[in-house]
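This report concerns only the one structure given below.
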Amino acid sequence: MLRGVVACVALLGGVALLAYGAMTRRTVTLEEKQTILIPPQPPDPRLVDANLRRGLPPPPGEPARTEERIVRTQTLDPEWRLVRDVTVGGLQLGPEGLMRIGLGDGPALCPT
Amino acid sequence: MVAMTAPSAEGGPAPSPAPMTPGPGMERPRQSMGSTGSKGLVSFLARRRQWVQVFFLLVWLDPFLLRLHSVCGPVFHCYSCPMALFACPIGVIANFSALHLFPFLAIGTLMVVGGVFGTFVCGWACPFGFLQDLIAKVPVRKFTLPAWTGYTRYAVLVGLVIVVPFLYTEMHPLFFCRLCPAGALEGAVPNMVKTALAGGAIPWPSPAKLAILGLVLAAAVFKRRPWCSLLCPLGAIFGLCNRVSLLGLRYRERLCRDCGSCEKLCPYGVLPSQDLNHSRCIRCLECTRCNAITAETAFTLPADGPKGPAALRSRDTG
């Protein structure tokens, strides 16, 4: 009977850990690099006015483009996301805390 | 509350096996216990253990391509395997240790599964254990090792899975995943082949990892489940749970007539009459072919009745 009680305590403890890890726990992670989509930019209105006064077509705006910029983003991640990221070696312990290194979705590669 | 027993065909206790004299360090040959006509659930399952293992292997190989890598599985199956359904709990614990985080989900999963099943998981569901079982079919005499060698698993668990990653991060050459043979077999080699077939530069796996894999597979010819009994950190955790798990084995002293058959039946050298839920036991249920050993829940109350030879006599005479 004692064994059954200990088993139930272990079981309830495990369920409590699972519930806390899945629903409550959040961990701050830092992401340093981000690819940013810059939307198309309209032309400068003053140039458009000037062109119109001269009877010329309006100047073209800037097309959309992507840029890789160093951006430090802080996110609060649930533990299940950290579990997924470590399966592809996507997290490292940096000097300022957890660093996401964005290797993509698993199973993309063997971390070791 | 249901006791699952494996009665013999005659309905009485199993007959005593013929005396055997195995050599020092050699495993005793397995004995038939006259339970061929057994109708017990345990006996039914025990004879089909490999089919259960095949079923679980198919589950872990993610046939529906679900890729649930946010969830820790209960078995030793590397998440780098191109066909892995869940994340490996040991890999997650090691990586979380390197990140200085407590792995609530991994530990919670192991506590729930271990608390219910103990090492049933090792014997019936683990794909790496299944592979070793298949290799053990090579007809070579198997050796057993002293029971204390099982404690090396705890050294691996504490040292390579927790302490080394915590102190030196995952870049250290002794980081567990860098040495794991299951990772080599299921993750590194398939990824290497996949990359080579795609025409990319071949990512050669670590030689240490491949060497350990080769050693484990070669040792499995001469010793049953060498990885599980000597080095597996997951087996160490489930082995600890063995003594308290809801489902377990029970030794019924009143049905025992000291014939030693249960010890001869155990392929892993456990002495069921002395330490039935030993951490080395993988609960293959071979020993339940002896009438004195049953598989049951922790809440099953021992049946009342006469003890010792009286019980046997009453069973023999019907």
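Maximal additional length on extending the B:Tyr151-B:Leu66 stretch stands at 27.0 nm, based on 0.36 nm per residue less the C-alpha distance.
Of the three principal axes defined by the Cα atoms of the range B:173-293, the extents in descending order read 66, 27, 24 Å. Determine the distance separating the Cα centre of the range B:140-193 from the Cα centre of the range B:38-73; give it in Å without decimals. Between the Cα centre of the range B:140-193 and that of the range B:38-73, the gap is 24 Å.
Screening chain A for DSSP H helices whose Cα atoms reach 20 Å or more along their own axis and whose mean Kyte hydropathy is at least -1.0 gives A:2-19.
Over the whole of B:182-194, what's the average partner chain Cβ count within 10 Å per residue? Rounded to a whole number, please.
Working: counts 0, 3, 2, 0, 1, 6, 2, 1, 2, 4, 1, 0, 1.
Counting Cβ atoms of other protein chains within 10 Å of each residue's Cβ and averaging gives 2.
Rg/Rh for chain A stands at 1.36; both radii use Cα atoms, and Rh follows the Kirkwood definition.
Annotation: amide H-H contacts under 5 Å for B:Ser206 (H modelled 1.01 Å from N, sequence separation of 5 or more, or interchain): none. Computed over the range A:28-75, the Cα gyration tensor eigenvalues convert (square root of 5λ each) into semi-axes of 38, 9, 6 Å, ordered from largest to smallest. Look at the stretch B:93-104: the mean tally of other chain Cβ atoms within 10 Å of its residues' Cβ atoms is 5.
Find the relative contact order for chain A and round it to a whole percent, using C-alpha pairs within less than 8 Å whose residues are 6+ positions apart. Don't jump to the answer; show the numbers that get you there.
Values: 147 pairs, mean separation 33.2, N = 112.
About 30 percent, as a whole number.
The Rg/Rh ratio for the range B:122-241, using Cα coordinates for both the radius of gyration and the Kirkwood hydrodynamic radius, is 1.00.
Computed from the coordinates by the stated procedures, all read-outs in this text should not be read as laboratory data. Here the structure is a predicted model, which means the values were calculated and not measured. Here Cβ is always computed from backbone atoms with ideal geometry, including for glycine, and neighbour counts include all displayed protein chains.
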